[in-house]
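Everything on this sheet refers to the single structure shown next.
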Amino acid sequence: MTQLVTTQDTQKPLWRKLGGWVLILAFAALMFAEGLTRGDMLAGVERFYGDLWYRLAGQRAPLDKVALIKLDEATLADYPDEPLVFWGPRYAQAAAVLREAGAAVIGFDMLFSASPEQWLAKLGGLKADAARDFDQPFRRELASGKVVVAGMQTAQETLLPAPDYLVAMPDFDAARFVGAADLMPDSDGTLRNFYPSPLVDRNKDDLHLLSLPFLLAVHASQQSAATDSWQFGKRTIHLKDRITLAYAGPPGSVNSLSLRELLKPDALKNPRIQALRGKVVIIGASYGGMNDAHLTPYGRGLFEAPLMLGAEIQAQTVDALLSGRFVDELPAIWRLPLTALLVFPAALLWQRKRPLAGLAILLLPLGVAALAGYVGFGAHLLVPVGHFQAAAFLAYAAIYGWRFTHGEQERERLRGIFSRYLEPKVVEALLNSEKLPQLGGEQLEMTVLFTDIRNFTTISEQLTAQEVVEMLNSYFGRACAVLAEEGACIDKFIGDAIMAEFGVPLKTPDHARRALLAAIKLKQVAAEFTQWMHERFADRALPDFAIGIGVHTGYAVVGNIGTAQRMEYTAIGDSVNLASRLEGMTKTVGCVILASRDTLESAGAGFTVGKSSTVTVKGRAQAVDVWEILGIEESGKNA
C-alpha cells in the first residue's frame, strides 16, 4: 500500500512537474521558428548578426597570399597628360616588374574595352605602324600566361576586353584569361557571397566566364579553368555553388602598394615589391570618382567602416580560397536539437514564474544564442542566432499567452500582475512586441496604367548598350511628361515598361478619365517618337517604334511596401495585375490601348472606341469586357 501511494504520488506530480503542455507549446514554437528559417523570414536577423560578428572580430586572419596594387591619385599625378586609355605601356611595365619579382599570377581588375590602337588609328597624321605597335608591350605581357584581365557577364550581355588584347592571350583562350569582375550584393546592397561564375544558366556553347577572383585562385593553385569543380583546402567547389565570403579583415587589411612604386626605374630593388614573390597580385583603381567601392559587413551599424574597394574584395576572396578559409552554416539537422536544449529548460521555468521574472529568464537563452553565434563565427561557423532567439521568443509568448487565456486563477493572477503597471492595450502590445511591425497601407479605388515598348528585344539587339539607354531615356522623358500632365503617380520602370497609378496618393475623382487621356497622349508620343528613331538611327533597319497600353480601374492596396532597409510607395492587388494583363493582350487584340469596362464607365462620355471583346486573363476566373480606345471626341476634351 505504501509502495502504491508512493508510485501514484511520484507519477502524477512528475507529469505536472515536467509540464507536458509547456513542452508541447515549446516544441510548437521550435517548429514555427524552423518554418520561419526555412522560409527565409529570419534571413535579415541572421545577416544582422553575421555582420555584427565581423565588426566585433576586426582582423581575423593574415592576408599573406595576395597583394593589391592601387592606381591611385598619386600615380595619376605623375602622368597628368596621359589619358588612361593610353596607359598600356604603364600597365605592361608594372606587369613585367611583378613577373620578374616572382608574382604567382597578376590580375587586372579593369575592363580594357578599348585599345589605344583603335584610338590612334583614327587620328590623322599618325603612321599606321605606330598605331599598330603602340601597345605591343602590354600584349606581350598578356601573352605570357601570367596575366588575367577583367570582363563582365550578365544574362543580357558579356563584355570582354578589346579584340587587340584577346588575340594576344595564349591560345586565344578568353575563358582562361578573362574573369568576370561582377560583384553580386544581397538585397540590402551588402556583399556577403560570391559565386565561381556570375552566370550559370546559359547555353552550353556560350562563352562562360569564371569570376575574376575565382579564376585567379584557379591559376595560382595550378588547376584547370575548363572544368566544373575545383579543390581548395578541404572544400570541393562546384560551378553553381554560392559561397559565403570569408573576409579576413576590414577595408584596408590587404597589403597594398601604389602603382607608382612599380613604375620607378629601380622598382625591383624595393623590398616591398620583392615581398610579392609567390603571391597573387591584383591591380585596381582607387582614385576618386572611379565608383568601385562597395558595402561589406564591416560598413553597417554603429561601428561604421569605409566602403571596401572592389579590387580589395576580389583580393580577400582569392586569399580565402587559397588559404582554404570558408564560412560554413550550421547543418540543418542540428538546429532542432540545439534549439530544444536551449529553450526547454527555460520553458519549464516559465511554467511557474511570473511574466516579468520570465522576461528576465528569457534573456538567458537570448544571450547564450548570441554568445554561441560569436564563438561559432570564430571557428568559421555561422550559428543561426536568429532562429534560436525566435524560438525562445515564441516559446515565451506561447507559454504566457496560454497561461493568460487558460485557467481562471492563472488569468486573474496575470491580470493582477500586469494591471498594476500596464494598460490592457499595452499588455497586448508587450505580448506581441517581438513580432516585426507590419508596413502601413490602405485600400483605395484607382486606375492603373501599364505601357510597354513593342519589339524592344529586336530593337535593342541592333543597338549598342549606350544607344539603348539613350533611346529609353529619351522615350521615358516624353512619356513621363504626359503622364505627369494628367496627375499620374509613376510607380516604377520595369525594364522597358512603365507602371503608373491615377487617383493616388492625390485623390482625384476623375482618375479613370485622366488615365485614358494619358493613354491617348502616350499613343501620340509613340507615333512622334517613331520619327525620332528613324532620324537618330537612320542607318539601321529598325522596326517601327510602337507601344501597348493596358488600363483598368478598381481597388488595390497602396502604401509603403518593402522592408526596413528598402521601402517603396507602390500598389498591389488584382487591379494592378489585370492592367498588366490587358497591356499584354493588346498584341492579341491588335490595338495600342486596351481598357476594361470599369475604366470606360468611370471615365465618362466622349471617348472613341474600336474593337470590343470579352477576354479571360490568366489568374482571373471572371471574364473581362474590354474596348480598344481610339481617341477622344473634340466635345469631350474639356468634359
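In whole percent, what relative contact order does region 442-636 give with Cα contacts below 8 Å and a gap of six or more residues? Mind dumping the intermediate values first?
On the way: 357 pairs, mean separation 47.1, N = 195.
Relative contact order, region 442-636: 24 percent.
Using a Förster distance of 35 Å, how high is the FRET efficiency between N291 and A541, based on the Cβ-Cβ distance and rounded to 0.05?
Numbers: r = 36 Å, r/R0 = 1.02.
Efficiency for this residue pair is about 0.45.
I need the peptides 509-518, 73-82 ranked by packing, meaning the mean over residues of other C-beta atoms within 10 angstrom, with the highest value on top. Kindly include the intermediate steps, with their values, before the conclusion.
Values: 509-518: 22.9, 73-82: 12.3.
For the peptides 509-518, 73-82, the packing ranking is 509-518, 73-82.
Which of W119, W87 has the fewest other C-beta atoms within 10 Å, and how do the rest follow up to the most?
On the way: W119 14, W87 22.
Ascending number of Cβ neighbours within 10 Å: W119, W87.
Sorted by mean Cβ packing within 10 Å, highest first, what order do the peptides 491-500, 313-322 take? Could the numbers behind the result be given before it?
Numbers: 491-500: 17.3, 313-322: 27.0.
Ranked from most to least packed, the peptides come out as 313-322, 491-500.
If we count other beta carbons within 10 Å of each Cβ, what is the order of V626, V22, V375, V482, fewest first? Please list the in-between numbers first.
On the way: V626 27, V22 21, V375 12, V482 18.
Sorted ascending by nearby Cβ count, the order is V375, V482, V22, V626.
What are the ³J(HN,Hα) couplings of region 321-330, residue after residue, when phi is run through the Karplus curve with 6.51, -1.76, 1.60 and θ = phi - 60°? Round to Hz, x for glycine and proline.
Each residue of region 321-330 in turn: 5, 5, 7, x, 9, 10, 10, 9, 8, 4 Hz.
Given L472, L522, G548, which one lies farthest toward the positive end of the charge dipole of region 442-636, if we put +1 on the Cβ of every Lys and Arg and -1 on the Cβ of every Asp and Glu?
G548
What percent do you get for the relative contact order of region 241-377 when only Cα pairs under 8 Å and 6+ apart count?
Values: 80 pairs, mean separation 37.8, N = 137.
About 28 percent, as a whole number.
Arrange the following residues from fewest to most other Cβ atoms within 10 Å of their Cβ: I490, I282. Don't skip to the end; give the middle numbers.
Working: I490 15, I282 31.
Starting with the residue having the fewest Cβ neighbours, the order is I490, I282.
What is region 66-323's relative contact order, in percent, from Cα pairs under 8 angstrom and six or more apart in sequence?
Numbers: 477 pairs, mean separation 79.4, N = 258.
Reported relative contact order: 31 percent.
Could you sort 106-115, 530-539 so that the peptide with the highest average Cβ count within 10 Å comes first and the rest follow in order? If you can, show how the numbers build up before the last one.
Values: 106-115: 22.2, 530-539: 12.4.
In descending order of packing, they fall as 106-115, 530-539.
No lab work stands behind these numbers, since they all come straight from the coordinates. Just so it is clear, the structure is predicted and the values come from calculations on it, not from any experiment. Every residue, glycine among them, receives a Cβ derived from its backbone with ideal geometry; neighbour counts consider all protein chains shown.
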